[in-house]
Amino acid sequence: MKAVGARLPRYDGLQHVTGQSVYVDDVRVPDMLWAKALRSTVHSAEIKKLDVSKALRVPGVHAVVTHEDVPVNIVGHLAALGVPADEPLLAEHEVRYQGQPIAVVAAETEEIAQEAVNAIEISYEEREPFLDIRKAFDPDVPKVSPSGNLFVYEPYTERRVRKGDIDWAFEKADRIVQGVYRPAAIEHCPTETQVALVVPEATGRLVIYSCTQAMYFSMGVVATHLGVSLNDLKFVGGTVGGGFGGKVDTAAETISALLAIKAKRPVKWRWTREEEFLCSSVRATWHVEIADAVTKDGWILGRRTLTLHDAGAYTRFSSYGATKHAFHLGGAYTIPNLSFNAYVIWSNHVPTTAMRGFGVTSVSFAVELHMTRIATVLGIDPWELRLKNASRVGDTAPTRVVLKDPSAVPTIQAAAQAAGVELASEYRAMTNAPRKGKTLPRHLVDQLGAWRDNGGR
Amino acid sequence: MSLIINGAEYELASPPLTSLLNVLREEVGLLSPKAGCQQGGCGTCTVLIDGEPRRACLTPLGAIEGAAITTVEGLGDPRNLSPVQAAFHEHYAAQCGFCTPGMMMAATGLLARRPDATRDDVLEALAGHFCRCTGYVKIVDAVLSAAAGRVDTTRPEPEAEPGEPSVVIPGSPA
């Protein structure tokens with residue numbers, strides 16, 4: 001434990017302050033071409049015409065790629081985990097979000113590439129977009145996917161977490177406290193925009209300079225689209241100009257690789273700030289409804305939740321994020337009777353993705369506001385309400401995992417101390433030790449079963 | 001067109017409307033100024049033009065004929081850091097490092113103009129420089145420490161001494 005609490009120099013500190021850190025845009029190779037993309041200008045449309053012939057005739061253009069050039073166009077970021085592939089690398093007959101890439105050009109300069117993009121002929125037949133996930137269950141709303149607007153967690157249309165007897169809890173409750181919480185979308189906005197540089201080697205191997213945060217995810221996604229094996233790709237990463245989750249998506253690598261293969265030259269694709277804001281993935285909008293069955297002395301007997309997660313136009317990592325969200329909806333608290341439903345909803349927004357605390361910051365936002373709401377409704381001190389219900393050794397999580405070292409009690413005590421709040425002596429003295437006496441009311445006895453059956457371990 | 005860049009004279013072939021950022025990165029090969037937005041919004045391309053911090057992405061070459069340009073490469077090297085560089089290193093003010101060159105050039109310009117800069121001066125000088133990692137506190141601390149001369153540029157590596165964490169959560173095994 002020599003490193004914890006010690007002031008250690010950053011391994012890359014000196015190169016950062018001397019301007020020597022090499023980001024993707026700083027890599028210099030000879031004969032490099034620049035890429036620019038034709039992106040959808042509408043939220044939802046059939047593509048009626050796509051003609052790139054004029055772009056190919058612009059002097060200085062070396063390659064134009066469309067979906068026809070992609071060996072495996074439709075891939076899912078989590079296909080390796082069995083999540084159905086649903087996202088085309090380049091749009092085929094339709095576009096599902098504004099900013100979706102349709103065709104990409106490699107040329108001698110960024111200006112020539114943009115001129116060629118402007119020369120591409122495209123026409124759309126616009127469709128009514130679906131943009132408000134709260135209307136997902138309404139009849140006659142526009143369908144984002146032919147199968148509808150709901151990602152399906154086989155066999156359900158939602159991620160379900162069930163524990164205990166939720167009906168008993170709501171029958172026994174003194175009060176039902178309800179709330180709706182809606183964390184908004186957030187753009188990661190790294191100072192380094194999405195960028196990739198792909199250099200074809202004489203052997204056919206591709207050297208891919210990537211700003212990815214997720215090297216092996218990205219390698220898998222590129223290899224799948226290109227229909228090649230991993231040893232046909234040499235990924236170079238590790239210096240990222242900010243990511244915050246947005247560079248978990250494979251944004252620029254695959255398309256740059258296709259252009260490099262077709263042009264037989266190195267290709268760099270550097271997104272503009274506008275593209276970063278308008279076309280790169282964002283943290284999702286969430287809609288979280290919570291109803292808690294509570295006793296007048298501040299015990300939470302049961303919790304029902306309904307979550308809507310805006311995946312945007314394609315699934316990417318959303319099914320994973322909403323699963324993680326659903327498992328955490330108890331927060332740092334032990335509630336014996338639970339019914340959580342979390343839906344992943346496709347919309348005609350830009351696809352959403354990981355961002356710091358993927359899936360769980362929405363829980364913290366909703367649950368902590370809700371805990372304060374319960375305290376306000378019951379007229380109980382919010383610190384004491386939290387400490388009373390805080391998870392203890394031997395308690396079981398919503399997934400029935402037995403907690404061995406939960407940190408909720410000391411964390412809340414430390415927060416109270418930092419906030420200058422004087423807790424009552426019984427709450428100051430509270431530890432995360434197994435429940436007994438006043439901290440083990442009848443309704444929490446059964447949830448200790450798994451722990452007790454295991455000899456208190 | 002000619003410029004004096006980090007003390008050396010350059011004859012440049014780029015057309016007069018080329019941005020200084022592209023001249024530095026693509027013609028001269030100085031890569032510390034970054035293309036964060038190329039519209040003057042983020043500050044990552046900031047360099048000193050005749051001592052003043054300016055956005056290289058918004059400055060056409062033709063407007064600054066003969067000017068003296070300073071980039072991070074002209075401040076110091078790992079064995080001989082400038083006070084601002086040493087302070088950024090000591091205070092962990094560079095996390096991903098992408099905004100760092102622009103921040104350091106703005107700070108260097110400020111301290112040349114106002115060696116006794118106050119916290120308000122620092123905030124003013126760094127306004128419009130975006131950092132998405134640090135939350136700015138460490139950056140402001142670094143500039144203030146460079147202003148106060150509290151930086152030892154001869155020993156830039158922070159000491160690697162194990163110590164007690166400053167925040168201990170009650171009941172934590174740490």
Exercise for review: Select from the stretch B:39-61 the residues that are at the interface with another protein chain (Cβ under 8 Å from one of its Cβ atoms) and either surrounded by fewer than 23 Cβ atoms within 10 Å (Cβ to Cβ) or among the aromatic types (Phe, Trp, Tyr) (or both) and list them in ascending order.
Suggested key: B:Gln39, B:Gly41
Check your understanding: Just wondering, is there one or more residues in the stretch B:20-27 that are surrounded by 14 or more Cβ atoms within 10 Å (Cβ to Cβ), at pLDDT 95 or above and away from every other protein chain (no Cβ under 13 Å)?
Key -> yes
Check your understanding: Is at least one residue of the stretch A:132-151 over 30 Å from A:Val240 (Cα atoms), surrounded by 17 or more Cβ atoms within 10 Å (Cβ to Cβ) and basic (Lys, Arg)?
Key -> no
**Study point:** Test: B:Pro16 is surrounded by fewer than 21 Cβ atoms within 10 Å (Cβ to Cβ) and either of a type outside the set (A, V, I, L, M, F, W, C) or out of contact with any Ser or Thr (no Cβ under 9 Å at 6 or more places or on another chain) (or both)
**Key:** yes
Review point. (1) in contact (Cβ under 8 Å) with a residue 60 or more places away in the chain; (2) of a type in the set (A, V, I, L, M, F, W, C); (3) in a helix (DSSP H, G or I): which one isn't true of B:Ile4, the others all being true?
Key: (3)
Exercise for review: Six or more apart or on different chains, Cβ under 8 Å: which pairs go from a residue in the stretch A:188-207 that's under 10 Å from A:Lys264 (Cα atoms) to one that's crowded, with 21+ Cβ neighbours inside 10 Å and of a type in the set (Phe, Trp, Tyr)? Could you list them?
Suggested key: A:Val199/A:Tyr209
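Results for (1) out of contact with any His (no Cβ under 7 Å at 6 or more places or on another chain); (2) farther than 24 Å from A:Gly243 by Cβ; (3) in the same structural domain as B:Pro33 (by TED's automatic domain parsing); (4) among the hydrophobic types (A, V, I, L, M, F, W, C), shown as yes or no for each residue.
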site: B:Ala94; (1), (2), (3), (4): no, no, no, yes
site: B:Gly109; (1), (2), (3), (4): yes, yes, no, no
site: B:Cys131; (1), (2), (3), (4): yes, no, no, yes
site: B:Val140; (1), (2), (3), (4): yes, no, no, yes
Review point. Tell me, which helices (runs of 4 or more DSSP H) wholly within the stretch A:8-125 include 2 or more residues that are more than 14 Å from chain B (Cβ to nearest Cβ), in contact (Cβ under 8 Å) with a residue 12 or more places away in the chain and over 30 Å from B:Pro78 (Cα atoms)?
Key: A:53-56, A:110-119
Review point. Is it true that some residue in the stretch A:161-168 is small (Gly, Ala, Ser) and in contact with a Ser or Thr (Cβ under 6 Å, 6 or more places away or on another chain)?
Key: no
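One line per residue, one yes/no per condition, for (1) part of a helix (DSSP H, G or I); (2) in contact with a Leu (Cβ under 7 Å, 6 or more places away or on another chain):
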position: A:Val363; (1), (2): yes, yes
position: A:Ala414; (1), (2): yes, no
position: A:Arg435; (1), (2): no, yes
position: A:His443; (1), (2): yes, yes
Review point. Among (1) part of a loop (DSSP other than H, G, I, E, B); (2) in contact (Cβ under 8 Å) with a residue 24 or more places away in the chain; (3) closer than 20 Å to A:Tyr23 by Cβ, which single condition is B:Pro16 missing?
Key: (3)
Exercise for review: Kindly list the number of the only condition in (1) facing chain A (nearest Cβ under 9 Å); (2) at pLDDT below 85; (3) at negative phi that fails for B:Arg132.
Suggested key: (2)
Point to revise | Complete set of residues in the stretch B:62-113 that are within 14 Å of chain A (Cβ to nearest Cβ), under 16 Å from B:Leu20 (Cα atoms) and in a strand (DSSP E or B) | key: B:Ile69, B:Thr70
Practice item. Considering only residues that are among the charged types (D, E, K, R) and over 16 Å from A:Gln98 (Cα atoms), look in the stretch A:112-131 and name the one that is surrounded by the most Cβ atoms within 10 Å (Cβ to Cβ). Key: A:Glu115
Review point. Quick one: how many residues across the stretch B:114-129 are away from chain A (no Cβ under 14 Å), not polar (S, T, N, Q) and not in a helix (DSSP H, G or I)?
Key: 5
Review point. Just checking, which of A:Asp69, A:Asp86, A:Asp26 is assigned by TED's automatic domain parsing to the domain that holds A:Cys211 and not polar (S, T, N, Q)?
Key: A:Asp26
Revision key, fill the gap. Selection over the stretch A:189-203 where residues are surrounded by 24 or more Cβ atoms within 10 Å (Cβ to Cβ) and not in a strand (DSSP E or B) yields a count of 5
Review point. Can you tell which of A:Glu126, A:Glu111, A:Glu87, A:Glu94 is modelled with pLDDT of 95 or more and farther than 28 Å from A:Val344 by Cα?
Key: A:Glu111
Point to revise | Checklist (1) out of contact with any Gly (no Cβ under 7 Å at 6 or more places or on another chain); (2) of a type in the set (Val, Ile, Thr); (3) touching a residue at least 40 places away in the same chain (Cβ under 8 Å); (4) within 30 Å of A:Leu278 (Cβ to Cβ) applied to A:Thr334, failing item | key: (4)
Exercise for review: Quick one: which residue in A:Arg283, A:Arg304, A:Arg265 is charged (D, E, K, R) and within 14 Å of another protein chain (Cβ to nearest Cβ)?
Suggested key: A:Arg283
Check your understanding: Out of the residues in the stretch A:205-224 that are of a type in the set (Val, Ile, Thr) and over 18 Å from the mean Cα position of the chain (by Cα), which is surrounded by the most Cβ atoms within 10 Å (Cβ to Cβ)?
Key -> A:Val222
Review point. Between residues in the stretch A:246-257 that are closer than 17 Å to A:Val72 by Cβ and residues that are modelled with pLDDT of 95 or more and among the charged types (D, E, K, R), which pairs lie under 8 Å by C-beta distance while being six or more apart or on different chains?
Key: A:Ser256/A:Lys268
Review point. When you go through (1) within 13 Å of chain B (Cβ to nearest Cβ); (2) under 30 Å from A:Pro155 (Cα atoms) one by one for A:Gly357, which number turns out not to apply?
Key: (1)
Check your understanding: Can you list the strands (runs of 3 or more DSSP E) found entirely within the stretch A:225-336 that contain at least 1 residues being at pLDDT 95 or above and buried (at least 24 other Cβ atoms within 10 Å of the Cβ)?
Key -> A:267-270, A:286-294, A:300-312
Study note, to complete from the structure: Within the stretch B:28-38, residues among the polar types (S, T, N, Q) and surrounded by fewer than 24 Cβ atoms within 10 Å (Cβ to Cβ) come out as B:Gln38
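The values are calculated or read from the model by the stated rules, or taken from the named source; none is laboratory data. Owing to the predicted nature of the structure, the values given are computational and were not obtained by experimental measurement. Note: ideal-geometry Cβ built from the backbone for every residue, glycine included; neighbour counts use all protein chains shown.
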